[in-house]
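Below is one structure, written out as structure tokens; the observations come after it.
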Amino acid sequence: MKLYQLLVVVFMLFIAKTTIAQGPPITSDKPIMLGGNTFIFKTLTEIRNTNEGTFVNAPLMTHYLPSANTLVAVHLPYVNYNFTDESGRGSGSTLGDVNILGKYQFYRKDGTGKTFRMVAKTLQTLPTGEDLDIEGMSTGNYSGYYGVVAGYESLKLGVSNEIGYQWVPDGTLDMFVYKLGFGLPLLKPTYPVNQLNLYFEYTSEWVHERDEYVLKYAQGIQYAKGKWTWEAALQLPLVQDASNVDKFNYAVFLGTRFIL
């Protein structure tokens, strides 16, 4: 990784320790889990535009917490792809790569009105999609992601950080990943939940087999009311070193979640 890329990541880490935040992020993850025997039904549709075309991933996600420190989930993605005319790869719709998610909270330290937690995380991607080389949507290759999520939350402050590695044994999308998410609550805390949050999230990806790097920034907004949550975010590249074909232009995220 180039020196300026490392400096950017260090700068982001510094921001994460000094910025007020609250609540779950949109494009990243958090170590705070709900109570055991809980179901979460959610979707987070991504509309991604690159130099190669426009791609939409609309997954149906079911999360289950057998206990307060474990989570298992299945993500069933519906992918629509529209490649540029220059690529000659056409357009269409397909089932994407199915994801199996597992999380285990291995550290927790609570205080009065505050908590710090750490979670081990794995995301197993099954090669159920077509070989479209659309990372995170449909590659037709198996991949395993392994990471750690750490976060601190209090009534006024909340920050989540994630570092991990994606392994693709039969492809060229092996990458190091770092994410952080923080937000600004716009309403006073109430119970039942009635909260409006702004979110500021960063994703750093280094695809070392292709010698490509991108740092993305997502500006999001989220409204939570009772057991429902609605969210939206716009993601843009801040730093990018990639081939012209693989260049990322922007992504729009639209999501809904319900706790049962």
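Being among the polar types (S, T, N, Q) and farther than 18 Å from TRP206 by Cβ is the filter here, so list the residues in the range 225-260 that pass it.
The answer is THR229, ASN244, ASN249, THR256.
For the range 189-200, does any single residue satisfy the condition of being under 17 Å from the mean Cα position of the chain (by Cα), open to solvent by 40 Å² or more (accessible area, probe 1.4 Å), at pLDDT 95 or above and not charged (D, E, K, R)?
The answer is no, given that none of the residues of the range 189-200 is under 17 Å from the mean Cα position of the chain (by Cα), open to solvent by 40 Å² or more (accessible area, probe 1.4 Å), at pLDDT 95 or above and not charged (D, E, K, R).
Any residue in the range 164-178 that's of a type in the set (Asp, Glu): show its pairings with residues that are in a loop (DSSP other than H, G, I, E, B) at Cβ separation under 8 Å, as long as the two are six or more apart or on different chains.
ASP170/ASN141; ASP170/TYR142; ASP174/VAL168; ASP174/HIS208; ASP174/GLU209
If I filter the range 241-260 down to residues being of a type in the set (A, V, I, L, M, F, W, C) and part of a strand (DSSP E or B), which single residue comes out as most open to solvent (accessible area, probe 1.4 Å)?
Checked the range 241-260; the qualifying residue most open to solvent (accessible area, probe 1.4 Å) is LEU254.
What are the residues in the range 218-233 that are surrounded by 14 or more Cβ atoms within 10 Å (Cβ to Cβ) and either under 28 Å from PHE176 (Cβ atoms) or not β-branched (Val, Ile, Thr) (or both), if any?
Scanning the range 218-233 gives ALA218, GLN219, GLY220, GLN222, TYR223, ALA224, GLU231, ALA232, ALA233.
I want to confirm something. Restricting to the range 135-170 and keeping residues that are among the acidic types (Asp, Glu) and over 20 Å from TYR104 (Cα atoms), which single residue is surrounded by the fewest Cβ atoms within 10 Å (Cβ to Cβ)?
Ranking the qualifying residues of the range 135-170, first place goes to ASP170.
Which is exposed (fewer than 15 other Cβ atoms within 10 Å of the Cβ) and modelled with pLDDT of 95 or more, of LEU186, LEU215, LEU238?
LEU238
Within the range 2-17, can one find any residue that is at pLDDT 95 or above, open to solvent by 40 Å² or more (accessible area, probe 1.4 Å) and under 25 Å from PRO189 (Cα atoms)?
no
The values are calculated or read from the model by the stated rules, or taken from the named source; none is laboratory data. Because the structure is a prediction, the values reported are computed rather than measured. A quick note on method: Cβ atoms are made from the backbone with ideal geometry, for glycine too, and the neighbour counts reach across all protein chains shown. Areas reflect the complete protein model, heavy atoms only, side chains present, ligands, DNA and RNA absent. Shrake-Rupley method; radii C 1.70, N 1.55, O 1.52, S 1.80 Å.
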